[in-house]
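Remarks on the structure that follows.
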Amino acid sequence: VALEDSLVTISTIAGSRFVGPIRDEVEKWQKELMLFQETLDEWLNVQRNWMYLESIFGAGDIKKQLPTESAKFMEIDGQWRTIMRETQSYPVAKVACTKPGRLDIFKAASETLDQIQKQLEDYLLSKCVAFPRFFFLSNDELLEILSQARRPQAVQPHLRKCFDNLVKLRFGDGANSQDIHGMISAEGEEIKFVKMLKARNNVEKWLSADGGVEDFMVRTIRDVTRKGWKDYEVTPRKEWVRNSYCQVTITVGSIYWTLESEQVLSIKEAGKVVQAMGKWLKKNK
């Protein structure tokens, strides 16, 4: 606000008919204040982009995955820290913002940071294409996962957004364990995978439908549903419901309910229909 007021004031003075004797000095001040404003705008823009990218490229895993962009950022980071140290040692705004060449440095840095951010967005898009469920996450959430690629448990807070009602994976003992033994729903129901899954390679790979978590989910549900289908015929219904997983109860129960209802309604003899409907009702209470 003070800078804008000063620009208005100097413009008013420059437009005065009495400015003649000090015109050169007024024009000098006007140019310096305009340079001040332009430099400050670029400074704030660079600061905003630097703060966002610094936390990203501060993670070792992102550096490895984007080496070119990381090198560019580290160069900008060095320039930024040097300028900030200079400003801290002599904290005079006018001097800091009107130093020769500083505006050009900020313009170049801003352009480079924009390019880095564009490359970063393209990188995130490639991860989403490889594992489409990542589209349900924001860029910041996806970056949080990718920046901790060597720690598979980093995906845990974001599973609910990627998979319907899957809130947690059962990892092995140890903070950095790569062994995944099963999945847990929001209701606390845990289903063990058909076999142990190793969280190796890139995160989009071991989460995918190509031999990853998504694939193991389907295989496991198919396996327990097949078992539930076989047990239904030989186990009392109430006991079967208590011992079955929710998804199995819903799926197999719906199939058998439809099948048995159709069988009862298909009986042609009136007396047997009533008798069969009574048995069906008693069984499905």
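The values are calculated or read from the model by the stated rules, or taken from the named source; none is laboratory data. As the structure is a computational prediction, the values presented were derived from the model and not from experiment. Methodologically, a virtual Cβ is constructed for each residue, glycine included, from the backbone with ideal geometry; neighbour enumeration extends over all protein chains shown. Heads up: the accessible areas ignore ligands, DNA and RNA and are worked out on the full protein's heavy atoms, side chains in. Shrake-Rupley method; radii C 1.70, N 1.55, O 1.52, S 1.80 Å.
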Restricting the range 235-247 to residues that are modelled with pLDDT under 90 and part of a helix (DSSP H, G or I), the one surrounded by the most Cβ atoms within 10 Å (Cβ to Cβ) turns out to be R237
- [ ] Look at V46 and say whether it is outside any loop (DSSP other than H, G, I, E, B), within 26 Å of P100 (Cα to Cα) and modelled with pLDDT of 90 or more.
- [x] yes
Within the range 130-144, the count of residues that are of a type in the set (A, V, I, L, M, F, W, C), part of a helix (DSSP H, G or I) and open to solvent by less than 80 Å² (accessible area, probe 1.4 Å) comes to 4
**Report entry** Test: D223 is out of contact with any Lys or Arg (no Cβ under 8 Å at 6 or more places or on another chain) and open to solvent by 60 Å² or more (accessible area, probe 1.4 Å)
**Finding:** yes
Exactly one of I250, I267 is at pLDDT 90 or above, surrounded by 11 or more Cβ atoms within 10 Å (Cβ to Cβ) and not hydroxyl-bearing (S, T, Y), and that residue is I250
With the first residue restricted to the range 95-112 and required to be without any contact (Cβ under 8 Å) to a residue 40 or more places away in the chain and of a type in the set (V, I, T), and the second required to be open to solvent by 70 Å² or more (accessible area, probe 1.4 Å) and in a helix (DSSP H, G or I), Cβ contacts under 8 Å at 6 or more apart or on different chains are I105/Q79
ask   = So is I255 in a loop (DSSP other than H, G, I, E, B) and over 36 Å from the mean Cα position of the chain (by Cα) or not?
value = no
Counting only residues in the range 173-185 that are at pLDDT 90 or above and open to solvent by less than 50 Å² (accessible area, probe 1.4 Å), the one farthest from D61 (Cα to Cα) is identified as S185
A71 of a type in the set (A, V, I, L, M) and under 15 Å from L44 (Cα atoms): no
Note on the range 154-172: residues out of contact with any helix residue (DSSP H, G or I) (no Cβ under 8 Å at 6 or more places or on another chain) and open to solvent by less than 30 Å² (accessible area, probe 1.4 Å) are L159, G172
Here the qualifying pairs (Cβ atoms under 8 Å; residues six or more apart or on different chains; first in the range 146-159 and touching a residue at least 60 places away in the same chain (Cβ under 8 Å) and more than 13 Å from F134 (Cα to Cα); second open to solvent by 10 Å² or more (accessible area, probe 1.4 Å) and among the acidic types (D, E)) come out as S147/D61; Q148/D61; A149/D61; R150/D61
Exercise. Test L120 against the criterion of being surrounded by 14 or more Cβ atoms within 10 Å (Cβ to Cβ), free of Cβ contacts under 8 Å to residues at least 24 places away in the same chain and in a helix (DSSP H, G or I), and give yes or no.
Key: no
Selection from the range 193-208 of residues on the phi < 0 side of the Ramachandran plot, at pLDDT below 90 and surrounded by fewer than 13 Cβ atoms within 10 Å (Cβ to Cβ) yields R200
Within the range 34-75, residues being without any contact (Cβ under 8 Å) to a residue 40 or more places away in the chain and hydrophobic (A, V, I, L, M, F, W, C) number 6
Inside the range 208-238, the number of residues satisfying the requirement of being among the aliphatic types (A, V, I, L, M) and more than 41 Å from the chain's Cα centre (by Cα) is 1
